[in-house]
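Trainee: Sharing a structure here in structure tokens format.
Read-outs throughout are calculated quantities, based only on the coordinates presented, and are distinct from any laboratory measurement. Quick caveat: nothing in here was measured; it's all calculated off a predicted structure. Cβ sites come from the backbone with ideal geometry, for glycine too, and all protein chains shown count toward neighbours.
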Amino acid sequence: MDFGVSLPGRGPLATPESIRQLATKADALDFDSLFVTDHVVLPGSMARSVYPYSTTGQLPGGAAQDYLEPLAVLGWLAHVTRRIRIGTSVLVVPYRNPVVTAPASAGSARSSRRWRRRRSRRAAPSPMSISS
């Protein structure tokens, strides 16, 4: 059985130092993979809705937070970790320019040789699946 860690992409723990500490600790503890996530936008109604998973009813950290760019984070994770495999748990491909996304993801994959391939539920492989 493989165990992975999902790293924060926004909020108080989404800082370079926090992510580096979490990633290197997971690598040292022999976790199998690290995942980053992507959100391009949050719906405006989110700020007016009651968030059911917090005692205040508000989205933790508020709805106006920025998200880290997952492909940049993956490139950085390839540098700060040694063995653990890295990948995206969510990547919103339709909102991304393929001319920019393809070389960015391929460059990180080549430099790390540790990308984790996620299996798609679709019959065809995802265009962003990169195997090592």
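Trainee: Quick query: amide H of S6 versus all other amide H atoms, modeled in the peptide plane; which residues come in under 5 Å with a sequence gap of 5 or more or a different chain?
Mentor: Those qualifying (amide H under 5 Å, at least 5 residues apart or on another chain) are F35.
Trainee: If you plug each phi of the range 72-77 into the Karplus form 6.51 cos²θ - 1.76 cosθ + 1.60 with θ = phi - 60°, what whole-Hz ³J(HN,Hα) values come out, in order, with x for Gly and Pro?
Mentor: For the range 72-77, the Karplus-derived couplings read 5, 5, 4, x, 5, 4 Hz, x marking Gly and Pro.
Trainee: Label-point separation (nm) for Q21 and A72, each offset 7 Å from Cα along Cα-to-Cβ?
Mentor: 2.2
Trainee: If neighbour count is taken as other Cβ atoms inside 10 Å, put T56, T88, T37 in order from fewest to most.
Mentor: Working: T56 8, T88 23, T37 18.
Starting with the residue having the fewest Cβ neighbours, the order is T56, T37, T88.
Trainee: Something else now. Enumerate the calculated ³J(HN,Hα) couplings along the range 17-28 in order (Karplus 6.51 cos²θ - 1.76 cosθ + 1.60, θ = phi - 60°), each rounded to whole Hz, writing x wherever the residue is Gly or Pro.
Mentor: 5, 5, 5, 4, 4, 4, 5, 5, 5, 4, 4, 5
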